[in-house]
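The values are calculated or read from the model by the stated rules, or taken from the named source; none is laboratory data. Note that the structure is predicted; figures quoted are calculated from it, not measured. Every residue, glycine among them, receives a Cβ derived from its backbone with ideal geometry; neighbour counts consider all protein chains shown. These area figures cover heavy atoms from the full protein model, side chains too; ligands, DNA and RNA do not enter into them. Shrake-Rupley method; radii C 1.70, N 1.55, O 1.52, S 1.80 Å.
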Amino acid sequence: MLTGASITDGVAAATPVVLSSSTPVGDLCDTPVPAGTFTGVVVACKRGGNARVEKGFNVSQGGAV
């Protein structure tokens, strides 16, 4: 289990975390992801290249929580 700080309500249930570098999205999460790509997981993206808000938006399009 990972514990950290967030400006959102967070995720209440235990949720798998995947590294974006291990997926077709790539390190920076700099493009929107097709729906269903990340359903039910938290995606960790590498810093840099684009804004964190954009990274979050892009992976949420694929179903990331």
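Of all residues in the stretch 12-32, those satisfying the criterion of being surrounded by 14 or more Cβ atoms within 10 Å (Cβ to Cβ), in contact with a strand residue (DSSP E or B) (Cβ under 8 Å, 6 or more places away or on another chain) and of a type in the set (A, V, I, L, M, F, W, C) are Val18, Val25, Cys29. Which pairs do you get when a residue that is closer than 17 Å to Arg47 by Cα and touching a residue at least 24 places away in the same chain (Cβ under 8 Å), found in the stretch 1-23, comes within reach of a residue that is open to solvent by 80 Å² or more (accessible area, probe 1.4 Å) and assigned to a loop (DSSP other than H, G, I, E, B), reach meaning Cβ atoms under 7 angstrom, with the pair 6+ apart or on two chains? Filtered contacts from the stretch 1-23: Val17/Leu2; Ser20/Lys46; Ser21/Lys46.
Here Ala44 clears all of (1) over 10 Å from the mean Cα position of the chain (by Cα); (2) of a type in the set (A, V, I, L, M); (3) open to solvent by less than 50 Å² (accessible area, probe 1.4 Å) except the condition numbered (1). Quick check on Ala35: is it assigned to a loop (DSSP other than H, G, I, E, B) and surrounded by fewer than 10 Cβ atoms within 10 Å (Cβ to Cβ)? Considered against the rule, which asks whether it is assigned to a loop (DSSP other than H, G, I, E, B) and surrounded by fewer than 10 Cβ atoms within 10 Å (Cβ to Cβ), Ala35 comes out as no. Each residue in the stretch 52-65 was checked for being among the aliphatic types (A, V, I, L, M), part of a loop (DSSP other than H, G, I, E, B) and open to solvent by 60 Å² or more (accessible area, probe 1.4 Å), and 1 pass.
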